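Working notes, beginning with the structure itself.
The values are calculated or read from the model by the stated rules, or taken from the named source; none is laboratory data. Just so you know, these numbers come straight off a predicted model, no measurement behind them. Positions of Cβ are backbone-derived with ideal geometry, glycine not excepted, and every protein chain shown enters the neighbour counts.
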Amino acid sequence: MNPLKFILFCASVLITACTDKSDRIDYTLSWTGNGIRVDMEVRSCLDSLFFTYATENGGFTDQMSWFQDLTPLKGDVTADPATRKIAVVPDGGQARLSYTVRCALPEDYYSPKSCLWDMFRPDLDGEMMFTRTENLFLAPENMATPVSVRWAEVPEYPVYCIYNPGKGTDPYNGTAGSVVGSAIVGDPLLEVDTIMINGRANYLVTALRKSHDMNIITLKEYFRDFYGSISEFWGEEDPEPYSMVIFPFRNNTFEMTGNGFSNGFLSRYDATADTILTTGRRDIFTHEIGHKWIGGGNAWFSEGFNEMQTGYQTVASGLDKPSFFAEYLNHALAGLHRNPHRNDPGDLAEERFWDDGDYTWLLYWRGFSYAFHLTGLVEKTTGKPDAWKVMMDAVKPFLHDFSRERFLEAMGGLIGKERTEADFRKYILEGQDFDYRPEDLPSGCAIVRLPDGTPKLEITDTLLFARHFSVHLKS
Ligand SMILES: [Zn+2]
């Protein structure tokens, strides 16, 4: 065969193998008794593809220790543990590989400093299953890549996949983004209740150890009332089913955390708890549900504004009185004032978010304080007491593609470009203390100072203050 003909021959083979130009990934999952074996088939006409295993969320550094037995079955596959990158070189448009995810919390696991981070670690064994899916699936560079997931072997206990709401381990077809940013839980006591909200099915997933009837009734009521109210606030036309997953956690050291996803949330609690919906845990659920809408971008926004939303929606949905908002904000104002990094620049704090709980909370509380400050300015310039709603209507168009610039532009449209930029620089970038000038505050309240200088919100006019929560007034 002459060289030219040989080249043409190779080219035609490639063309036959790659008729479909879009990539595709098919996953088959098999329960091994103490882990999940993943068989992954990649179809692509690209020379090579790069995937990432797990994230740095949670401050973890040893994620690759639970990614085991990587085996290339077709094509070339190499893993770089330092960057958690997996390089795949397809052979004739196709690559196949397998790996196993195995990780259980140690028997004597106790980590009081890990208040946020232990939620990010898989816990898989014969008694229960818990994994965020970035610890199970590989994330491709293009998260819109079509993906299918099929379970070949399931554990003896029921399993719930947040990415496949209400359908357990049935086959799933979607995008890489929808399966990678999600979670899976399994438990012998797992129970899935369908909750109809505004004529649509949503799911409450529990594995209650104690006081079943009381807890299930309280959780159902909360879900129906709160989720119904917040969905109405955001005016969703065609929402996907939402899953509220309340899952028992072993050796629990810190209950005030959960994970919010685009179509569900997961919150853990101490399995020995008699009453699940305490006020603190209700606020966590509310915060995590809030991430459905406020979730992307910098932490001062995704966490801080979501905290503002938690305080606001708790009142607006009728779960609590307007004084609850004041208490919730005061907790943040005090936390910020007493934070050792209170005046650190915003970008530095973002960088250190996972390093140290003080930095984590700094951004929650600074963002919340800033959101509250903005509602005062927006009320003053627009004359509308429900300034939070006005602000959220302005940012809604880019919530799924949030950027600092778009945010400043939207706020500039409400309170003027100059004031917006000056305040943002001062409070978020430079980390200066909030002034709380009386003329900038929302109506019906004042900021007083405690002896150590901690600011504290006081409601001076109950009726005026209640007008900030318009949904509440409607009902
Ligand atoms: Zn959050």
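Consider ILE217 carefully, then state whether it is touching a residue at least 24 places away in the same chain (Cβ under 8 Å) and out of contact with any Gly (no Cβ under 7 Å at 6 or more places or on another chain). No. Return the residue satisfying two criteria in turn: it lies in region 141-159 and is of a type in the set (A, V, I, L, M, F, W, C) and exposed (fewer than 15 other Cβ atoms within 10 Å of the Cβ), and of such residues it is farthest from GLY258 (Cα to Cα). Result: ALA152. Just one of the numbered conditions (1) under 17 Å from MET128 (Cβ atoms); (2) within 19 Å of the chain's Cα centre (by Cα) is not true of ALA273: (2). Taking residues in region 124-150 that are within 23 Å of ASP23 (Cβ to Cβ), and partners anywhere that are among the small types (Gly, Ala, Ser) and assigned to a helix (DSSP H, G or I), the pairs with Cβ atoms closer than 7 Å and at least 6 places apart or on different chains are ALA139/ALA176; PRO140/ALA176; MET143/ALA176; MET143/GLY177; ALA144/GLY177; THR145/ALA176; VAL147/ALA176. Is at least one residue of region 240-256 outside the structural domain of TRP388 (by TED's automatic domain parsing), farther than 22 Å from THR131 by Cβ and over 16 Å from the mean Cα position of the chain (by Cα)? No, region 240-256 contains no residue that is outside the structural domain of TRP388 (by TED's automatic domain parsing), farther than 22 Å from THR131 by Cβ and over 16 Å from the mean Cα position of the chain (by Cα). No other residue among HIS337, HIS331, HIS341 is away from the ligand (no atom under 14 Å from the Cβ) and touching an Asp or Glu at 6+ places or on another chain (Cβ under 6 Å) apart from HIS341. Mind checking which residues of region 160-177 are closer than 22 Å to ILE246 by Cβ and surrounded by 18 or more Cβ atoms within 10 Å (Cβ to Cβ)? Once the filter is applied, which keeps residues that are closer than 22 Å to ILE246 by Cβ and surrounded by 18 or more Cβ atoms within 10 Å (Cβ to Cβ), region 160-177 yields TYR160, CYS161, ILE162, TYR163, ASN164, PRO165, THR169. Note on region 400-436: residues that are modelled with pLDDT of 95 or more, loosely packed, with under 13 Cβ neighbours inside 10 Å and farther than 29 Å from LYS456 by Cβ total 4.
If you go through region 319-364 and pick out every residue that is closer than 20 Å to THR375 by Cβ and either assigned to a loop (DSSP other than H, G, I, E, B) or free of Cβ contacts under 8 Å to residues at least 40 places away in the same chain (or both), you end up with 9.
Table: residues versus (1) crowded, with 19+ Cβ neighbours inside 10 Å; (2) over 26 Å from SER182 (Cα atoms).
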| residue | (1), (2) |
| --- | --- |
| THR275 | no, yes |
| THR286 | yes, no |
| ASN306 | yes, no |
| GLN309 | yes, no |
| SER317 | yes, yes |
| PRO322 | yes, yes |
| ALA332 | yes, yes |
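So which residues in region 201-231 are buried (at least 16 other Cβ atoms within 10 Å of the Cβ) and charged (D, E, K, R)? Those that are buried (at least 16 other Cβ atoms within 10 Å of the Cβ) and charged (D, E, K, R): ARG209, ARG224. With the structure loaded, tell me whether SER229 is under 11 Å from the mean Cα position of the chain (by Cα) and either within 16 Å of the ligand (Cβ to nearest atom) or within 21 Å of VAL315 (Cβ to Cβ) (or both) or whether it fails that test. Considered against the rule, which asks whether it is under 11 Å from the mean Cα position of the chain (by Cα) and either within 16 Å of the ligand (Cβ to nearest atom) or within 21 Å of VAL315 (Cβ to Cβ) (or both), SER229 comes out as no.
Within region 349-395, the only residue that satisfies the criterion of being surrounded by 24 or more Cβ atoms within 10 Å (Cβ to Cβ) and of a type in the set (Lys, Arg) is ARG366. Filtered by the rule that a residue be near the ligand (Cβ under 10 Å from one of its atoms), touching a strand residue (DSSP E or B) at 6+ places or on another chain (Cβ under 7 Å) and among the aliphatic types (A, V, I, L, M), region 255-302 gives a lone residue, ILE284. Restricting region 185-200 to residues that are in contact with a Ser or Thr (Cβ under 8 Å, 6 or more places away or on another chain) and at pLDDT below 95 leaves a set whose member that is surrounded by the fewest Cβ atoms within 10 Å (Cβ to Cβ) is ASN198. Every listed requirement among (1) within 12 Å of the ligand (Cβ to nearest atom); (2) modelled with pLDDT under 95 is met by ASN306 save one, (2).
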